[in-house]
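Following: one structure in structure tokens, then a few remarks.
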Amino acid sequence: MISPVQSGTLSGIEARGVQVEVSPIRGLPGFDVVGLPEAAVRESRVRVQAALMNAGYALPEQRFVVNLAPADLRKTGSAFDLAIAIALLAQCGMCAPNKLAETLIIGELSLDGHLRPVRGLLPQLRGAQARGLAAAIVPDGDSAWSELVAGMEVRCAAHLREVVAFLGAEGQLALPPRLGAPTDDDGADLCDVRGQHGAKRALEIAAAGNHNLLMIGPPGTGKTMLARRLPGILPLPERHEALEIATIASAAGFISPSARRQRRPFRAPHHSCSDAALVGGGDPIRPGEVTLAHRGVLFLDELPEFRRNALESLRPVMEAGLAEVVRVRDRAVMPANPLIVAAMNPCPCGYHGHKKRICRCGPDRIDSYRARISGPLLDRFDLHVALPAIDVEQLECREPLEDSVQVRARVIAARDYAGLRVASERKKHGADRRTPQQRLADALEPEARSLLHRAMQKLQLSLRAYDKVLRVSRTLADLEQSEIVRPDHVAEAVQYRLLDRPEPPARARVPAVATSR
């Protein structure tokens, strides 16, 4: 029997190796596909037969069995077409079996033998490289993804005949073309937002310390504009982060090379999405919005309008940074560590606490509206920020404002300082047995610690909120490149616990946040 052809299947964003074996058996002419294939894989039998015939290859009048090993792993997708065709031709002596044991073969066949792009090529290439394969043959339409894998010989083919000629040393396949330099400019700049200095300050803090942010304000105050400009003030992703982002995009089926942009991803799912669409799931398992926004920003607009089960499914993800999807026959663990930004109105009509508009909602209706978001979920937002209505005079102001580049420079400086500070502490203390929370608390000045304890008692903060205040205070100190956390840092961090106030929220106006100093 000829050496098996190397291919692969996806589970979530993880590629798993599959070997395509072919053997003749007794029976009517044709072939069967075994090895737990799903519908798209079973239908490959028809596509492959038509593609072979139209490409000029006539299989002998014999029956074959095509085994996809390991047999207990479920096979999904149309990426096995090319591997099955090559395995059949090699078994029949119409294709040289050169380098089949060390070459990944991926591609969907059209009925005339042309190759079509497939979902998840980038994780397939990275998985093959991890398994020790040295080369790959992929569809020409996937060349944009192929360029992102270094240290692997990737060849691009447009037709089945080209692959057969290449394996027989009778022709050459093209290398992936070099694409232009990626860009990070999408036209959304922070200087477009007039007013809302307090919200801009919170946005900078969120970017510097990777803190989840909840914005509360009436319609038209700029919540969505601010959220869409958050990726522009985040540091550009490093090489390994960019590759991770592109791998997730490829596994989700994005075939556009726009995923190569250096700017971090921004995802804004509609509030009608299900928990599977938000966290991941389906059959086969695919990444959800929280994974597609990994290393970027996940924006949840109209937060109370999301389904309760969808929001509650976010709680373990926000804690662990991983989305774990478990099914009867499969299990996938996908990275999910975005910066989560949410926006909501203060009441159903949107005008509770407004300076000029009258709210038509009663206290019970407001309480019921805000109760759609559970306390444990609110606890996981580090920053609660109120956005007041903007006056026309502020919109017409011609005073130049800070752009995203200036704010990003401060964010990068704060992150760099935090990295140096952590490295210095490790070098100074060696094997430090203190918990992260203890290390944060030890950096507080005595007055700052006293202020935090009083806030804990007066606002009745939970232990998780206490940890959030500590982390935000540390970020504020890093923005000023201060080794010590001062009382003013703690005071500013405490004011961002807007929804932790003990008074009933429906009876009080939503207070405005303080602007930056």
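Figures for the structure shown
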read-out: Residues located in the range 280-310, provided they are surrounded by fewer than 18 Cβ atoms within 10 Å (Cβ to Cβ), part of a loop (DSSP other than H, G, I, E, B) and at negative phi; value: ASP283, ARG307
read-out: Filtered residues of the range 311-325 (kept if surrounded by fewer than 20 Cβ atoms within 10 Å (Cβ to Cβ), among the aliphatic types (A, V, I, L, M) and under 12 Å from the mean Cα position of the chain (by Cα)); value: LEU322
read-out: Hey, PHE299 under 13 Å from the mean Cα position of the chain (by Cα), of a type outside the set (A, V, I, L, M) and within 30 Å of PRO400 (Cβ to Cβ) or not; value: yes
read-out: Residues being on the phi > 0 side of the Ramachandran plot and in contact with a helix residue (DSSP H, G or I) (Cβ under 6 Å, 6 or more places away or on another chain) - total across the range 334-365; value: 0
read-out: Residue list for the range 194-225, restricted to those being β-branched (Val, Ile, Thr) and closer than 16 Å to LEU498 by Cβ; value: ILE205, ILE216, THR221
read-out: Search result, residues across the range 114-123 that are surrounded by 24 or more Cβ atoms within 10 Å (Cβ to Cβ) and at pLDDT 95 or above; value: LEU115
read-out: Index of the failed condition, GLN196 passing every other in (1) in contact with a strand residue (DSSP E or B) (Cβ under 8 Å, 6 or more places away or on another chain); (2) buried (at least 23 other Cβ atoms within 10 Å of the Cβ); (3) assigned by TED's automatic domain parsing to the domain that holds LEU236; value: (1)
read-out: Scan of the range 315-352 for residues that are part of a loop (DSSP other than H, G, I, E, B), farther than 25 Å from ALA206 by Cβ and not aliphatic (A, V, I, L, M), ordered by number; value: ARG327, ARG329, ASP330, PRO348, CYS349, TYR351
read-out: Residue within the range 66-75 that is assigned to a helix (DSSP H, G or I) and assigned by TED's automatic domain parsing to the domain that holds GLU162 present; value: no
read-out: Residues located in the range 25-49, provided they are loosely packed, with under 15 Cβ neighbours inside 10 Å and assigned to a helix (DSSP H, G or I); value: ALA39, ARG42, VAL46
read-out: Test for GLY35: is it in the same structural domain as ARG131 (by TED's automatic domain parsing) and under 32 Å from the mean Cα position of the chain (by Cα); value: yes
read-out: Subset of the range 455-476 (residues that are free of Cβ contacts under 8 Å to residues at least 24 places away in the same chain and surrounded by 12 or more Cβ atoms within 10 Å (Cβ to Cβ)); value: MET456, TYR466
read-out: Residue within the range 173-186 that is surrounded by 17 or more Cβ atoms within 10 Å (Cβ to Cβ), hydroxyl-bearing (Ser, Thr, Tyr), farther than 14 Å from VAL411 by Cβ and at pLDDT below 95 present; value: no
read-out: Residue in the range 4-20 that is surrounded by fewer than 15 Cβ atoms within 10 Å (Cβ to Cβ), out of contact with any Phe, Trp or Tyr (no Cβ under 6 Å at 6 or more places or on another chain), of a type outside the set (D, E, K, R) and over 23 Å from ILE137 (Cβ atoms) present; value: no
read-out: Residues located in the range 385-441, provided they are of a type in the set (Val, Ile, Thr) and either in a helix (DSSP H, G or I) or over 30 Å from TYR351 (Cβ atoms) (or both); value: VAL392, VAL405, VAL407, VAL411, ILE412, VAL422, THR435
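The values are calculated or read from the model by the stated rules, or taken from the named source; none is laboratory data. Nothing here was measured: the structure is a model prediction, and the numbers come from that model. No Cβ is skipped: glycine too gets one built from the backbone with ideal geometry, and neighbour counts run over all protein chains shown.
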